[in-house]
1. Would you please name the residue that is nearest to A:Ala640 (Cα to Cα), looking only at residues in region A:558-579 that are at pLDDT 90 or above and in contact with a Gly (Cβ under 9 Å, 6 or more places away or on another chain)?
2. Under the condition of being under 17 Å from A:Pro113 (Cβ atoms) and within 27 Å of the chain's Cα centre (by Cα), which residue from region A:561-586 is surrounded by the fewest Cβ atoms within 10 Å (Cβ to Cβ)?
3. Is it true that B:Ala278 is on the phi < 0 side of the Ramachandran plot, at pLDDT below 95 and not assigned by TED's automatic domain parsing to the domain that holds B:Tyr205?
4. Filter region A:438-484 for residues that are surrounded by fewer than 20 Cβ atoms within 10 Å (Cβ to Cβ) and among the β-branched types (Val, Ile, Thr); which is farthest from B:Arg30 (Cα to Cα)?
5. Could you pull out the residue among B:Val81, B:Val112, B:Val57, B:Val62 that is facing another protein chain (nearest Cβ under 7 Å) and touching a residue at least 40 places away in the same chain (Cβ under 8 Å)?
6. Within region B:287-304, is even one residue within 14 Å of chain A (Cβ to nearest Cβ), part of a loop (DSSP other than H, G, I, E, B), of a type in the set (A, V, I, L, M, F, W, C) and in contact (Cβ under 8 Å) with a residue 40 or more places away in the chain?
7. Return yes when A:Val381 is facing another protein chain (nearest Cβ under 10 Å), assigned to a helix (DSSP H, G or I) and crowded, with 24+ Cβ neighbours inside 10 Å and no when it is not.
8. Of the numbered conditions (1) among the hydrophobic types (A, V, I, L, M, F, W, C); (2) facing chain B (nearest Cβ under 10 Å); (3) touching a residue at least 12 places away in the same chain (Cβ under 8 Å); (4) touching a Gly at 6+ places or on another chain (Cβ under 9 Å), A:Ile373 satisfies every one except a single condition; which is it?
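The values are calculated or read from the model by the stated rules, or taken from the named source; none is laboratory data. Quick caveat: nothing in here was measured; it's all calculated off a predicted structure. Cβ sites come from the backbone with ideal geometry, for glycine too, and all protein chains shown count toward neighbours.
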Amino acid sequence: MEDIEFERIPRYVSATAAYRRGLGVIWETPPGIGGWLSSVDHKKIGICYIVTAFAFLILGGIEALVMRLQLIGPDRHLLTPEQYDQLFSTHGMTMIFLYAMPVLSGFSNYLWPLMLGSRDMAFPRLNALSYWIYVAAGLFMYAGFAIGVGPNDGWFNYVPYASRPYNPGMNIDFYALGMIYLGISTTVGAANFLVTVMRTRAPGMSVNRMPIMVWGTLTASAANILVVPAVSLAFFLLWMDRQFGTHFFDVSAGGQPLLWQHLFWMFGHPWVYAVVLPAMGMVSDALPIFCRRPLVGYTPVALSTVATMILGFGVWVHHMFATGLPNLALSFFSGASIIITVPSAVAVFAWTATIWLGRPVITTAFLFFSSMIVLFVIGGVSGFMTASVPVDWQLTQTYFVVAHLHYVLIGINLFPVVGAIYVWFPKMTSRLLDERLGQWNFWTMFIGFKLAFLPMHLTGLRGMPRRIYTFPDHMGWNILNLVSTVGAFVLAAGVLLLLVNVIQSLRSGRLAGANPWDGATLEWSVPSPPPSYNFAVIPTVVSRHPLWEDRLQESADRSTAIEGMLLDHGRETLATTLLDGDADAILKMPGESYAPLLLTVGLSGFFVGLLLHQWWLAAFGGAVATASIVGWLWPERALAQIAQPRHV
Amino acid sequence: MNSSSLSLACAAILALTLPATAAPPLGYLRGFGPKSDPVVQLTWGLLALSTLVVVVVTALVVIGTLLRRARGGGGIARAPVERGGSGLRWISVGLGISCVALLLSLVWTMVVLAAVNAPPRPARVTIEITAQQWWFKARYLSPDPSRVFTTADEIHIPVGEPVRIRLIGADVIHSFWVPALSGKMDAIPGQINETWIEADHTGRYGGECSEYCGVQHAHMGLVVVADPAAQFQQWWDGQLRPANSPQSAQTVAGERDFEFHCGACHSARGTAAGGTVAPDLTHLMSRGTLAGGMLANNIGNLAGWLANPQSLKPGTNMPNLYLSGQEIASVTAYLQTLQ
């Protein structure tokens, strides 16, 4: 009889306290360390992701500060060249791979089911797996640095310098295997996001009613699925070259250094968009809350998100303008890199129009989001300048590019993320962050950021190459570098204020209630923090702004999160159709499981074995991983979904 | 919300720092030849356009926020929600203006790219530059084999004439960059890249490796000296001569020590020192710098470099030779004769 569970028609009810209690019993993660290690609750995983990513942000930030001390003036000897090289490589690896993407995965993990009106991600255990692998791969990549053999060839790790003859230590092996390992996390996470958005939106949430952040993460996930294999392959080939004498990148045997660059940037450039599009989505969703009106141009903004990514696949060669490729080829990539500005411009005009046509309420979050528009434009125009081949021949590999990429990554990732913390922290913790401290936090970060990175454009225009561990006097760079160092410390103080605010508000922040900002989307309809089951009944959606319908008066229909389908035969959520979001089937959801953690332990053993050439360990790790997968996939009656859904 | 005044303040700080450090040696906002001039104009053009865009958008955000901000207290929940205008006109007008500016920039880019693609007239001088950790070897090519010679880190070119540069990467990837004359071109192992430079003023132009290439990437400099044509010929002829023969007892001893301790890697043509993995020192004293542009070429630096290269340039391929004080003195004296 379990088999036909799948096709039962759920009762359509108003949620009562009794139902909620029952659902709580079904969905609650058991307390204690065991619950924590086996939890598949997207909210817990999301918060873990965000906290871990911030830990890496702080590590990467400390690395940056040490480098800035070395560069505070000419001819400093705080660091040896090798230490400096490991620091800038580890800093890049940390910020790009271990902070920027995971922090967005954290927000999306936490927010998606709440925004989409669902009870969890489509594959809760896969979600836990992607988090555990992220942690394990991060520790793996940092282990080399901790014992003095961190990556030392920059985050893009060009061969032949990364090859064994020039780089005989284990530095690059830690990085190469770590990146392959991390790629598993990114890939399973992306697959989970894709299926989640296709399958588990609330009934009525057609694709044109999804929040823009969902569009952003959806697009980024699709890109990751397509491009992560390129980089995993590149690192695998490199590791084979280094350990087993293959010749993929070995010039003396006909290998090609440019093969590395193509494989890396085919991944690397789309990745850059993947770490900003979800953050741009946060701004598109949250800025309108503070402007008290819907986003201007929802459809153009959603489409330009997708367009950015599609064009983003065709611009990787702009990292390689000086490699001697034919100018005709360069001109196509130059054109594509200039054209990609267009969809970004759509977002900028949509946000400014939202401010002008709304009534902005100036909160800390609003300051972070609106200043992000300006930082985004600065990072955008400096990127546009590097898209012009002859200009890029001068700009590339100078501090101008360092300024550009920090405007992009801090401006379009960190600023929206901090804004998002001010917006959604109350949802996660039930307490508001302090607004007065928030203002200090914003202005310190903003001024520090400007001081550190605006002068860097000029440092680059005055010819300072990046990745030099020291510089001579009389080059015209002294004062600019001094200002950048001061700015970096001010920026760090700003981040510290955020941490102070978080810790203080966790204890004594003002209680938020369900909807402190009067937001429009479904996550604001549930209590703060949300119950383990998210929604007592599956909500029904009839517009993009379910909680603003009474005020916008755009149709007679109303969304509801109070009355809806009751799904309480074990852990269940609703599957809906791809485009229209019509109710389609009942999904049986898994409970707590140690399989993801165990699989991670096995895989970690496998990768450590490969690193150390301890084949027995690799084999043992592989066996543990295989056993975990078998255990994971072992048929469970409670999860059986044998009957096919009826399609009309 | 006052980010524009902040940006202005930052700009003011920058402006104040400028006079103190005029004419940065590696700057490229001024051109010195037909390869760099059109690029400099394009750079300024795009910089001006970019600055304009930043100012306009910053103004839109700041003024919009100040003009439209919700007045009166009561918190966000009291502020009414209204749709107001659709705002699509903002996007279409903004996009229209952006597309025109982008298209013009694209066309200008292509025009400049075509202009600097090849030298205006055939180059009569070709220099083969082999970039390696962490110095540049320069071989002057000629159809007449007796006129071919090798030098390092400091290359002379005739003023007003295009010079072809053939780039070889000997070990890892490096990049050839002389900002006042030309943008970058990578030197990549396994392929030969070509570029060209031309200076329309005599003078010394600084250059630098600009692709990260290992621990001493920071000290891989290059100097291009543009000479009048006659002087350039004279310099070339001079470079073809073998090394001067030592005259004093000390320099004779120095030559012997040099051949013994240095000759496996370095050359001084006409002596037994014939190594090719390190810079050719036949005319060392004609060059302004030592150690990949890191040190000025004077007797003190030379002696210091011989005494302990690893402390001056950690990781350099020149090993510490543990020479005695006397040996350092004699080799230094000998090297001083290599005019």
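1. Only one residue fits best here, namely A:Arg571.
2. Restricting to residues being under 17 Å from A:Pro113 (Cβ atoms) and within 27 Å of the chain's Cα centre (by Cα), the top hit is A:Ala575.
3. Values: on the phi < 0 side of the Ramachandran plot: yes; at pLDDT below 95: no; not assigned by TED's automatic domain parsing to the domain that holds B:Tyr205: yes.
Spelling it out, it is not the case that B:Ala278 is on the phi < 0 side of the Ramachandran plot, at pLDDT below 95 and not assigned by TED's automatic domain parsing to the domain that holds B:Tyr205.
4. Among those that are surrounded by fewer than 20 Cβ atoms within 10 Å (Cβ to Cβ) and among the β-branched types (Val, Ile, Thr), it is A:Thr444.
5. On the way: B:Val81 fails: touching a residue at least 40 places away in the same chain (Cβ under 8 Å); B:Val57 fails: touching a residue at least 40 places away in the same chain (Cβ under 8 Å); B:Val62 fails: facing another protein chain (nearest Cβ under 7 Å).
Just one listed residue meets the conditions, B:Val112.
6. yes
7. Numbers: facing another protein chain (nearest Cβ under 10 Å): yes; assigned to a helix (DSSP H, G or I): yes; crowded, with 24+ Cβ neighbours inside 10 Å: no.
Against the criterion (facing another protein chain (nearest Cβ under 10 Å), assigned to a helix (DSSP H, G or I) and crowded, with 24+ Cβ neighbours inside 10 Å), A:Val381 does not qualify.
8. Tallying (1) among the hydrophobic types (A, V, I, L, M, F, W, C); (2) facing chain B (nearest Cβ under 10 Å); (3) touching a residue at least 12 places away in the same chain (Cβ under 8 Å); (4) touching a Gly at 6+ places or on another chain (Cβ under 9 Å), A:Ile373 fails exactly one: (4).
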